[in-house]
1. Which of the residues spanning region 140-163 are within 21 Å of the chain's Cα centre (by Cα) and assigned to a helix (DSSP H, G or I)?
2. Suppose we keep only residues that are part of a loop (DSSP other than H, G, I, E, B) and under 15 Å from the mean Cα position of the chain (by Cα) within region 1-26. Which one would you say is surrounded by the fewest Cβ atoms within 10 Å (Cβ to Cβ)?
3. Search region 171-214 for residues being in a loop (DSSP other than H, G, I, E, B), over 17 Å from the mean Cα position of the chain (by Cα) and touching a residue at least 40 places away in the same chain (Cβ under 8 Å), and hand back the single one that is surrounded by the fewest Cβ atoms within 10 Å (Cβ to Cβ).
4. Among (1) touching a helix residue (DSSP H, G or I) at 6+ places or on another chain (Cβ under 7 Å); (2) farther than 23 Å from residue 82 by Cα, where does residue 155 come up short?
5. Residue 79 passes all but one of (1) in contact with a helix residue (DSSP H, G or I) (Cβ under 8 Å, 6 or more places away or on another chain); (2) under 18 Å from residue 127 (Cβ atoms); (3) at pLDDT below 95; (4) surrounded by fewer than 19 Cβ atoms within 10 Å (Cβ to Cβ); which number fails?
6. Could you tell me which of the residues 89, 84 is modelled with pLDDT of 95 or more, in contact with a helix residue (DSSP H, G or I) (Cβ under 9 Å, 6 or more places away or on another chain) and crowded, with 16+ Cβ neighbours inside 10 Å?
7. Specify which of the listed residues (159, 154) is closer than 16 Å to residue 70 by Cα and surrounded by fewer than 22 Cβ atoms within 10 Å (Cβ to Cβ).
8. Which strands (runs of 3 or more DSSP E) sit wholly inside region 50-129 and have at least 2 residues that are within 19 Å of residue 16 (Cα to Cα) and in contact with a strand residue (DSSP E or B) (Cβ under 8 Å, 6 or more places away or on another chain)?
């Protein structure tokens, strides 16, 4: 059985290969703004479902479609991808020294059986008190410009997050333990110890994987 990743995100493509299963990309072309549910945990799931259903007609018969959506929320406001460098700087200053939430929703469709499974990762993310000079240097790399909230938790130079105790992969954009849990419900066995693989890949001792996979 082949996994179909309904995303063109390079970060999600890096993570899905850690499952040790055959996969391919069929990026979904949808209007994400058409989903306007005020609850961010519901919003990301509905957006992921929209992506999965868009890919469904074109996926092979023996495939499991995987779609995901991630948003950053601060003070009940969604911080999307910045329109340019000035907005990226504004977002990073708003997030500085504060804790915000990242929500990543998953939607899976087993095309052979028609079964549909959803899940969501809700993660508290505490940001360190980085300087204006660090913000400017980070923006100059171009890295923030295609990311919700204008940052990547995994960026080796900026390293914006401090005292983090949540799902690292979920902030990157594909919560692997949640995904394995959903794949199991979809009738798909994953041949690797995903918690160990994910922690080794991110160089992170995860304190929440047992709760997620139990």
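The values are calculated or read from the model by the stated rules, or taken from the named source; none is laboratory data. What you see is a predicted model, and the numbers here were worked out from it, not measured in a lab. No Cβ is skipped: glycine too gets one built from the backbone with ideal geometry, and neighbour counts run over all protein chains shown.
1. Looking only at region 140-163, we keep the residues that are within 21 Å of the chain's Cα centre (by Cα), and these are 142-163.
Selection gives 143, 144, 145, 146, 148, 149, 150.
2. At the first step, the residues of region 1-26 found to be part of a loop (DSSP other than H, G, I, E, B) are 1, 6-9, 20-22, 26.
Restricting the remaining residues to those that are under 15 Å from the mean Cα position of the chain (by Cα) gives 6-9.
Values: 6: 28, 7: 23, 8: 12, 9: 19.
Here the answer is 8.
3. Here is the first cut: in region 171-214, the residues in a loop (DSSP other than H, G, I, E, B) are 173-175, 186-193, 203-208, 214.
Then keep just the ones that are over 17 Å from the mean Cα position of the chain (by Cα); that gives 186-193, 203, 205, 207, 214.
This time we only want the ones that are touching a residue at least 40 places away in the same chain (Cβ under 8 Å), so: 186-188, 190-192, 207.
Working: 186: 19, 187: 13, 188: 17, 190: 17, 191: 8, 192: 14, 207: 11.
Among those residues, the one meeting the criterion is 191.
4. Checking residue 155 against (1) touching a helix residue (DSSP H, G or I) at 6+ places or on another chain (Cβ under 7 Å); (2) farther than 23 Å from residue 82 by Cα, the one that fails is (2).
5. If we test residue 79 against (1) in contact with a helix residue (DSSP H, G or I) (Cβ under 8 Å, 6 or more places away or on another chain); (2) under 18 Å from residue 127 (Cβ atoms); (3) at pLDDT below 95; (4) surrounded by fewer than 19 Cβ atoms within 10 Å (Cβ to Cβ), just (4) comes out false.
6. Details: 84 fails: crowded, with 16+ Cβ neighbours inside 10 Å.
Of 89, 84, the one residue that is modelled with pLDDT of 95 or more, in contact with a helix residue (DSSP H, G or I) (Cβ under 9 Å, 6 or more places away or on another chain) and crowded, with 16+ Cβ neighbours inside 10 Å is 89.
7. Working: 159 fails: closer than 16 Å to residue 70 by Cα.
Every option except 154 fails the conditions.
8. 63-74, 99-110, 116-126
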